[in-house]
1. Out of (1) at pLDDT 85 or above; (2) in contact with a His (Cβ under 8 Å, 6 or more places away or on another chain), the odd one out for A254 is which?
2. Tell me yes or no: at least one residue of the range 123-137 is in contact with a strand residue (DSSP E or B) (Cβ under 8 Å, 6 or more places away or on another chain) and among the basic types (K, R).
3. Which count do you get for residues in the range 143-167 that are among the hydrophobic types (A, V, I, L, M, F, W, C) and at pLDDT below 95?
4. How many residues, within the range 130-139, are in contact with a helix residue (DSSP H, G or I) (Cβ under 9 Å, 6 or more places away or on another chain), surrounded by fewer than 23 Cβ atoms within 10 Å (Cβ to Cβ) and within 24 Å of D100 (Cβ to Cβ)?
5. Go through the range 140-177 and give me each residue that's part of a strand (DSSP E or B) and surrounded by 19 or more Cβ atoms within 10 Å (Cβ to Cβ).
6. Yes or no: the range 206-214 includes at least one residue that is modelled with pLDDT of 85 or more and aliphatic (A, V, I, L, M).
7. Please count how many residues of the range 86-126 are open to solvent by 80 Å² or more (accessible area, probe 1.4 Å) and in a loop (DSSP other than H, G, I, E, B).
8. Which one of Q135, Q103, Q83 is among the polar types (S, T, N, Q) and either over 22 Å from L64 (Cβ atoms) or free of Cβ contacts under 8 Å to residues at least 24 places away in the same chain (or both)?
Amino acid sequence: MQIPSTPSFHAARARPRSPHLWVVASALVLFTVPAWAQGSSPEPPSQQIEVRAESLVPRDAKTLGDLTEAVALFQRLKALAPQAELRFRALTRLDRSKADRLQIQVLAPGGRIDVPLDELSRFAFDPAWRALPPQTLVRSKLRDGEVAWRSDVRTPGLPPNIRRLGDLRLQCKLDWGTPLARRGLTPTGTTLSSLASLCETRFTGSLNSQFADRPVLAIDLVHGQRRERLSYFFLHGAGDNTPTRVISSALDWAHDLKDHMHRLPLADKSWPDDTLLELTFIDPSALPLAEGLP
């Protein structure tokens with residue numbers, strides 16, 4: 001019996017290929033051709049999706065209802081400051097180096113609205129906000145308790161170091177007659193109107209503190225020929241005693257701005273509303289340089 005010899009490599013290459021192999025090879029080539037070479041339709045453009053995650057850290061905030069109350073009270077008591085304009089002010093309470101992180105936003109239902117601050121850290125009430133729910137937050141990016149919220153009432157046209165006493169009387173009423181400067185402090189049976197009237201009493205604790213635009217050295221009251229310099233008791237929280245310090249713990253008392261802080265004799269009716277305050281600011285360039293210790 002003759003045993004067929006094993007075909008050599010060259011003989012195998014010379015053997016005719018089955019037509020079925022051509023079909024399989026063609027299918028493999030077609031399968032491996034990229035989609036762009038097959039003339040397929042291009043993929044739809046990619047879409048960017050923005051995902052916002054809220055921080056669990058509570059942020060310092062007021063509501064549009066708080067601001068609206070202040071605007072309404074400002075209009076009602078406008079006789080104290082007939083020519084004045086109203087702004088709102090956000091100050092750092094504990095660390096002024098964080099001033100660039102105040103970043104006020106209105107958290108409207110349709111999205112966040114950035115609120116620009118001027119060089120005095122103030123912003124104006126936008127009439128369009130009246131269409132938003134009163135519980136809408138006006139929020140800083142600083143932690144809760146790190147912002148002092150204040151009204152700012154000024155008669156335009158005055159020099160930067162001159163303030164009008166009637167403006168500041170109204171400013172005090174807005175701060176304490178609305179929830180602006182209070183952190184949940186409303187004594188039982190006390191209305192907002194009666195809180196505002198505290199500005200007219202001789203109770204000079206934390207309830208009528210003001211903050212100058214710059215560190216203040218002295219304040220003079222001027223009306224006609226009458227001039228009087230306030231004692232240091234009215235500056236930098238020097239008049240604080242134990243009761244007022246207890247109260248200030250519940251208020252937006254700006255501990256880091258004590259050099260800006262001052263109080264006024266708002267209850268002294270011998271000084272009319274058109275009395276002018278001349279503020280002497282501390283000039284940093286005039287301070288003596290500290291010398292090295294021996």
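The values are calculated or read from the model by the stated rules, or taken from the named source; none is laboratory data. Just so it is clear, the structure is predicted and the values come from calculations on it, not from any experiment. Counting neighbours? That spans all protein chains shown, and the Cβs are built from the backbone with ideal geometry, glycine included. Each accessible area value is taken on the protein alone, full model and side chains, heavy atoms only, with ligands, DNA and RNA left out. Shrake-Rupley method; radii C 1.70, N 1.55, O 1.52, S 1.80 Å.
1. (1)
2. Among the residues of the range 123-137, not one is in contact with a strand residue (DSSP E or B) (Cβ under 8 Å, 6 or more places away or on another chain) and among the basic types (K, R), which makes the answer no.
3. Of the residues in that region, 3 qualify.
4. 1
5. S140, L142, V147, A148, W149, R150, S151, D152, V153, R154, R163, R164
6. Checking the range 206-214: at least one residue is modelled with pLDDT of 85 or more and aliphatic (A, V, I, L, M).
7. Total satisfying the criteria: 6.
8. Q83
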